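K.L.:
This is the structure I have questions about; it appears just below.
Since every read-out is calculated from the coordinates, none of them should be taken as a lab result. Predicted model only: the values in this text are computed from it and were never measured. Please note: Cβ atoms are built from the backbone with ideal geometry, for glycine as well, and neighbour counts cover all protein chains shown.
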Amino acid sequence: MAKSITWVHLHEYYTNPENTNQYPGHHLIHWHGQFRLSDQVAFFFRVHNLTDKAYAERADFAFGNERFFVGLPRSLYLGVRFR
């Protein structure tokens with residue numbers, strides 16, 4: 001059984017050329033792993049955004065307004081590998 005945790009940090013950044021608007025950045029935690037049943041079969045999983053943090057995949061300033069492109073909420077992915 002193999003498991004790991006990934007921490008993703010996005011630092012704050014300016015969203016307009018004048019550097020007057022700023023996205024504060026975010027931290028995300030992902031958890032993933034696999035369980036081998038045999039040499040031929042393994043189950044795997046991934047939990048994206050484990051803490052269900054609200055964040056933006058991208059933020060910018062356009063047409064006089066801030067725009068936030070919302071990131072995924074907590075998401076679970078499951079699968080099976082056959083060799």
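K.L.:
Just subtract the alpha-carbon distance of H30 and Y13 from 0.36 nm times their residue separation and send over the number in nm, one decimal.
P.N.:
Values: separation 17, 0.36 × 17 = 6.12 nm, distance 2.25 nm.
Difference between extended and current length: 3.9 nm.
K.L.:
Ok, one more. List the chymotrypsin sites (Phe, Trp or Tyr not before Pro) within segment 1-71 that DSSP assigns to loop and that have no more than 14 neighbouring Cβ atoms inside 10 Å.
P.N.:
Loop-located and lightly packed - F63.
K.L.:
Now for a separate question. Scan around Y55 for amide H atoms under 5 Å from its own, H built in the peptide plane at 1.01 Å from N, and keep only partners 5 or more places away or cross-chain.
P.N.:
Amide H to amide H, under 5 Å and 5 or more residues apart or across chains, Y55 pairs with G71.
K.L.:
Something else about it: With springs connecting C-alpha atoms under 10 Å apart, model the chain as a Gaussian network and identify which of H26, H11, H48 has the largest mean-square fluctuation.
P.N.:
Result for the chain, Cα springs under 10 Å: H11 fluctuates most.
K.L.:
Starting from 0.36 nm per residue, how many nanometres of slack lie between I5 and R67 once their C-alpha separation is accounted for?
P.N.:
Taking I5 through R67 to full extension adds about 19.3 nm, to one decimal.
K.L.:
What fraction, in whole percent, of alpha-carbon pairs in the chain exceed 18 Å separation?
P.N.:
It works out to 55 percent of all Cα pairs.
K.L.:
In segment 14-66, which GluC sites (Glu not before Pro) are in a loop and have at most 11 other Cβ atoms within 10 Å, using DSSP for the loop call?
P.N.:
Here the sparse-neighbourhood loop sites are E18.
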